[in-house]
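Undergrad: Please see the structure below; I have some questions.
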Amino acid sequence: MPEFKSVLERCGFKAADYTEGSLTVRSPIDGAVLAQVHETPAASMQAVIDRSHAAFLKWRSVPAPVRGELVRLWGEELRAAKQDIGHIVSKEVGKIVEEGLGEVQEGVDICEFALGLSRQLHGKTIASERPGHRIMEQYHPLGPVAVITAFNFPSAVFAWNAALALVCGDPVIFKPSEKAPLSGMATFKALERAIARFGGRAPDGLAQIVVGRTPLAEALVESPKIPLVSATGSTRMGRIVGPKVAGRFGKRILELGGNNAMIVTPAADLDMALRAILFGAVGTAGQRCTSLRRVIVHRSVKDALLERVLKAYGNLRIGDPLSPGNLVGPLIDEAAYTAMQQSLETAQAEGGKLLRGGKRVLEKEYPSGFFVEPAIVDMPGQTAIVKHETFAPLLYVLTYDDLEQAIALNNDVPQGLSSCIFSTDMQEVELFISEAGSDCGMANVNIGPSGAEIGGAFGGEKETGGDRESGSDAWKQYMRRTTNTINFSKELPLAQGINFG
């Protein structure tokens, strides 16, 4: 604990930030108490929202390239604190060190993206049907943005949203998961340091963090002063948040569940497919929304692929994610372990054959940590449990005979986040990424479903939420659009040739 205390303090924590609070933060590795975090009183949420709205009235008038300077400074702070924040992520969530560092790097990358974006918030000039007229579209700051994150990406998802919101002229209110508040707080403290360096150009209340449970999120979701709510979590959570925000005509970015598949064709490079399966299904102990849940393999190469996969699974090192060489850390808590066991029981009841894994391991060394062997289940078809997302290292294997059947299996689940195909056949690849192919928000070729870069818009269809965040033109969601018609003639012609009087 003294070492972890030093890490926290290097990230800007004071003793009061992580002691004597009512929210106990435990490491999933060994159950050790990492902190006692103070919760934000629910009664103070209206004041938090009011401060954010007041900040918006000032921040929206700061030129966008100047706003970009703030996110540049934030990127510098994240880069300087990368080792420490990555350590906190690993300790608090159970990710291996490389994944913890990679998450912080995503924050650095999105700040660089947002810096360039700050000079490219372009509208359009459109030809008018009326002489002496011009039509112009503009994008203006939207207002305070609430960012509600899940435990599995406690640093990166906040950065994805906040960097874009800030350059677009929007203040942010951040509510990290109560399961992983320290990682979010460390990322936020890096932003606070950037704001301090930025100086008086940043209004009070530009960035705020609230720590606690569901009532805080509810206050943000229900407030008409929060025009955009970005929420990451389960589909169940999305079914609650989406209608509430829509009921007050707000905007939302929902990043929900995934049930991601890989199609392996006879033309696949099986060694490449193997590496993608390992990272996709086993990374973060299967607790990514983009984790690989299903392998849909052609009958002719199934045995060869499974031989490779089972051998590789047998060599996986499971243990303390902070120890070099380990690839599988713990599940976040006992509830995640129980859910995995229930899914395994149901899969076998539905005709599945457990090929490997599923057992709890290292129980003597870590009686309060829930380490499991990643599981592989050979299924006779895409049964109900296969269509259900289990947030654990549980991989289902399905067999197909023709590509159209494989694509139908890929699409026949409620979720639509990420997907991939392994093939060196151009026709197979082009069909998979065509309008008749994968119905997911992300469709990859010869690369797994995980590991998206910040340059592309991230998100999925169907029960995944239908929204996008991070790169490409996702910034438009953080702004309001106006269409301006400008008459520089001395006449007043009406559109559609109407003669009024």
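The values are calculated or read from the model by the stated rules, or taken from the named source; none is laboratory data. Being a predicted model, the structure only gives us computed values, none of them experimental. Backbone-built Cβ (ideal geometry, glycine too); neighbour counts: all protein chains shown. The area values use the complete protein model at the heavy-atom level, side chains included, leaving out ligands, DNA and RNA. Shrake-Rupley method; radii C 1.70, N 1.55, O 1.52, S 1.80 Å.
Undergrad: Looking only at region 398-419, filter to residues that are touching a helix residue (DSSP H, G or I) at 6+ places or on another chain (Cβ under 7 Å) and not hydroxyl-bearing (Ser, Thr, Tyr); which one of those is farthest from residue 300 (Cα to Cα)?
TA: It comes out as 407.
Undergrad: Oh, and also: Of all residues being β-branched (Val, Ile, Thr) and open to solvent by 60 Å² or more (accessible area, probe 1.4 Å) in region 457-485, which is nearest to the chain's Cα centre (by Cα)? Just the residue, please.
TA: First, the residues of region 457-485 that are β-branched (Val, Ile, Thr): 464, 482-483, 485.
Still in the list and also open to solvent by 60 Å² or more (accessible area, probe 1.4 Å): 483, 485.
Values: 483: 32, 485: 38 Å.
Among residues in region 457-485 that are β-branched (Val, Ile, Thr) and open to solvent by 60 Å² or more (accessible area, probe 1.4 Å), the one nearest to the chain's Cα centre (by Cα) is 483.
Undergrad: Sticking with this one: Quick check on this structure: which one of 253, 240 is under 30 Å from residue 418 (Cβ atoms) and open to solvent by less than 20 Å² (accessible area, probe 1.4 Å)?
TA: 253
Undergrad: Can you find, within region 296-338, the residue that is least open to solvent (accessible area, probe 1.4 Å) among those that are charged (D, E, K, R) and over 25 Å from the mean Cα position of the chain (by Cα)?
TA: 302
Undergrad: Let me ask something else. Taking only region 387-397 into account, find how many residues are among the aliphatic types (A, V, I, L, M) and either touching a His at 6+ places or on another chain (Cβ under 8 Å) or over 12 Å from residue 296 (Cα atoms) (or both).
TA: 2
Undergrad: Here's another thing I want to ask about it. Any idea which residue in region 384-400 is surrounded by the fewest Cβ atoms within 10 Å (Cβ to Cβ), counting only those that are assigned to a loop (DSSP other than H, G, I, E, B) and among the β-branched types (Val, Ile, Thr)?
TA: Among residues in region 384-400 that are assigned to a loop (DSSP other than H, G, I, E, B) and among the β-branched types (Val, Ile, Thr), the one surrounded by the fewest Cβ atoms within 10 Å (Cβ to Cβ) is 385.
Undergrad: Looking at residue 263, is it open to solvent by less than 20 Å² (accessible area, probe 1.4 Å), in contact (Cβ under 8 Å) with a residue 24 or more places away in the chain, farther than 27 Å from residue 52 by Cβ and touching a helix residue (DSSP H, G or I) at 6+ places or on another chain (Cβ under 7 Å)?
TA: Here the answer is yes, as residue 263 does meet what is asked.
Undergrad: Right, here's the next one. What do you reckon, is residue 170 farther than 21 Å from residue 284 by Cβ, in contact (Cβ under 8 Å) with a residue 12 or more places away in the chain, of a type in the set (Asp, Glu) and crowded, with 21+ Cβ neighbours inside 10 Å?
TA: yes
Undergrad: For region 228-286, enumerate the residues that are part of a helix (DSSP H, G or I) and of a type in the set (Lys, Arg).
TA: Answer for region 228-286, where residues must be part of a helix (DSSP H, G or I) and of a type in the set (Lys, Arg): 236, 239, 244, 275.
Undergrad: Still on this structure, I have one more. Looking at region 219-232, I want the residues that are free of Cβ contacts under 8 Å to residues at least 24 places away in the same chain and have a partner that is open to solvent by 10 Å² or more (accessible area, probe 1.4 Å) with Cβ atoms under 9 Å, at least 6 apart or on another chain. Which pairs are those?
TA: Going by the 9 Å Cβ cut-off, there are no qualifying pairs.
Undergrad: Are there any pairs with C-beta distances below 8 angstrom linking a residue in region 450-465 that is under 20 Å from residue 103 (Cβ atoms) to a residue that is crowded, with 18+ Cβ neighbours inside 10 Å and of a type in the set (Phe, Trp, Tyr), with the two at least 6 apart or on different chains, and if so which?
TA: Within 8 Å, the pairs are 450/279; 451/279; 452/458; 454/113; 454/160; 455/113; 458/160.
Undergrad: Mind checking whether some residue in region 407-419 is modelled with pLDDT of 95 or more, open to solvent by less than 30 Å² (accessible area, probe 1.4 Å), hydrophobic (A, V, I, L, M, F, W, C) and part of a loop (DSSP other than H, G, I, E, B)?
TA: Within region 407-419, one or more residues are modelled with pLDDT of 95 or more, open to solvent by less than 30 Å² (accessible area, probe 1.4 Å), hydrophobic (A, V, I, L, M, F, W, C) and part of a loop (DSSP other than H, G, I, E, B).
Undergrad: Follow-up question, since we're still on this one. Within the set of pairs 6 or more residues apart or between chains, which connect a residue that is modelled with pLDDT of 95 or more inside region 192-204 to a residue that is part of a helix (DSSP H, G or I) and open to solvent by 80 Å² or more (accessible area, probe 1.4 Å) with Cβ atoms less than 8 Å apart?
TA: Final answer for the pair search is 203/58; 204/51.
Undergrad: Condition first: more than 30 Å from residue 263 (Cβ to Cβ), outside any loop (DSSP other than H, G, I, E, B) and polar (S, T, N, Q). Now tell me which residues in region 306-346 satisfy that.
TA: Across region 306-346, the qualifying residue is only 338.
Undergrad: Which members of region 160-200 meet the condition of being in contact with a Ser or Thr (Cβ under 7 Å, 6 or more places away or on another chain) and within 11 Å of residue 211 (Cα to Cα)?
TA: Applying the first criterion (in contact with a Ser or Thr (Cβ under 7 Å, 6 or more places away or on another chain)) to region 160-200 yields 160-161, 167, 171, 173, 176-177, 183-184, 187.
Across region 160-200, the qualifying residues are 173, 176, 177, 184.
Undergrad: Answer with yes or no whether residue 86 is without any contact (Cβ under 8 Å) to a residue 40 or more places away in the chain and crowded, with 23+ Cβ neighbours inside 10 Å.
TA: yes
Undergrad: Same structure, new question: Yes or no: residue 495 at negative phi and free of Cβ contacts under 8 Å to residues at least 40 places away in the same chain?
TA: On the way: at negative phi: yes; free of Cβ contacts under 8 Å to residues at least 40 places away in the same chain: no.
Answer is no for this residue.
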